[in-house]
1. Have a look at the range 250-329 and give its Rg and Dmax from the Cα atoms, expressed in angstrom.
2. Regarding the chain, what's the average projected area of the Cα-atom convex hull, expressed in nm²?
3. Can you tell me the FRET efficiency between residue 234 and residue 441 if r is taken as the Cβ-Cβ distance and R0 is 30 Å, rounded to the nearest 0.05?
4. Pulled fully out, how much extra length does the chain show between residue 364 and residue 210, if you take 0.36 nm times their separation in residues and subtract their Cα-Cα distance?
5. Please work out how much length the chain gains when fully extended from residue 8 to residue 138, using 0.36 nm per residue of separation minus the C-alpha to C-alpha distance, in nm with one decimal.
6. Starting with the fewest neighbours, write out 263, 212 ranked by other beta-carbon atoms found within 10 Å of each beta-carbon.
7. Among the listed pairs 11/409; 141/183; 183/409; 183/438; 20/346; 141/409, which are separated by more than 25 Å between their Cα atoms?
8. Debye sum, Cα scatterers, the range 192-303, no solvent: what log₁₀ I/I(0) at q = 0.14, 0.18 1/Å?
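Just so it is clear, none of the values below were taken in a lab; they were calculated from the coordinates. All values reported here derive from a predicted model rather than from experimental measurement. In this analysis, Cβ positions are derived from the backbone assuming ideal geometry, glycine residues included, and neighbour counts consider all displayed protein chains.
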Amino acid sequence: MDASTNIRPDKAFAFEVIEKNTRAIATLGDAIFYFAELGMQEHESARLMTEILAEAGFTVERGISGFPTGFLATCGSGTPVVAMHTEYDANPNNSQAAGVAEHKAIVDGAPGHCEGHNVNAAVMVAAAIAAKRAMDKHGLKGTLKVFGAPAEEQLVSRPYYVRDGLFADVDVAFHDHIAGEFKTEYGLLQTAAVNSRFTFRGETAHSSMSPWQGRDALDGVVLMDMGLAQYREHMRPTMRAHRVITDGGDQPNVIPAKATVWWCFRDVDADGARALFEQGRRIAQGAAMMTNTEVEVEVMSAVWPTRGNQVMAEIVQRNIELVGMPAWTADEVALARAVQEKAGVKPVGLATQIGRLDGPGRQIAASNDCGDVSWAVPMARLQFPSNLPHVNYHHWGAGVTLATSIAHKGAVVGAKALAASVLDIFAEPALAERAKAKFKEELGGKVYRPLIPADQKPPVELNHALMERFRPAMRAHYVAERPRFV
Ligand SMILES: [Zn+2]
């Protein structure tokens, strides 16, 4: 069947816009790949995205909800109000050269994209521009809101946006994320999580001469660890607790007066994650009592489990089917297989079939801060095929494709499906009403209340020192070409 013969004119036009901009889409994704900025430090990435959106006629607001690297770009007016949102942060020690089937850093030890949020950003910007052009040309009414969401890897920004009312007037929302497949899902898809720092404070003393005069903050961290290790026996099988000690003192002959451990508590629902966090807090207080120290608890981020709305997923699925998979070259497939072999996974190459939507998706143990949006409004998550099947994120192998023709082709089909889905809502606003009715049914009376405290401020210093350490060396690899969208 030739779908292009009966495609709605506004959609066909949006596809033309995307086709004309394939080079700009590739260049934008590559630029963010080489910026490789950690969460809360995405200054270059956000600047480039907002400049492009402003040039395309969007009204851009930067620094929303107290996030210096967050933004909201708006076009159109009135209802329906459709939101798009995605992330553009990298990960520590994930620097990986593009297009080579071996573990090779661009800058040793530096942050890098080994998941593909750089491509998420290119897809969102391209889809937003194409949708806007099609709305203008075909007289489609409504408001399109494009949210830049910092620090997804630390699950930070979107719960603040929701808490601060930025989604209050939004009817439906779309999130786009890279994958090894082209698909969408509905139902509960990811887990709830609470990220929290526990800082113990005691008193220094000479560790050998007068240890009895000290109060050891590191002992508090260690005993909290032991308390949670014992508690694991009584955790529900769906719960997860993992940690890193970010400050364990300075040198062994000084009793540490300060020590910090960063815990992440997860469960399949917000109540479970909250309960596990509260248990962790009690254990921390017990550890403080045992060590004559004090403990301060700081919630850095807390998210609800991501859910997909069925009506929204069906809209996205129809557009995925309309757009279809990219055609891969033999070289692209060979690169994919080579990386998969080195990563120790099945060398299946690249996906050739679109994902099916034949029932609720599977809830996985990862989290995404878009979760809170998905409890505030009906949301769809579009996954586009710019990465390798089976290779795990944050492994070097998941960085190889991200600035290559594989990522570029996946971004083009992703942007088309996303733009088309957004246009469906503007062309047929009744779809938004149907999505809302289904959403009400899906929530089953469950009331959303943010897991982040009401007075919590964004952690603006997060990753600052680490990013600044590597930025000068990384700058030498920045893409010289400026993406130009027409
Ligand atoms: Zn991600």
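1. Taking only Cα atoms of the range 250-329, I get Rg and Dmax of 22.8, 67 Å.
2. If I average the Cα hull's projected area over directions, I get 23.5 nm².
3. 0.30
4. Residue separation times 0.36 nm, minus the Cα-Cα distance, leaves 50.4 nm.
5. Length gained, residue 8 through residue 138: 45.7 nm.
6. In increasing order of surrounding Cβ atoms, one gets 212, 263.
7. Cα-Cα > 25 Å for 141/183; 20/346; 141/409; rest within.
8. Listed by q, the Debye log ratios stand at -0.54, -0.80.
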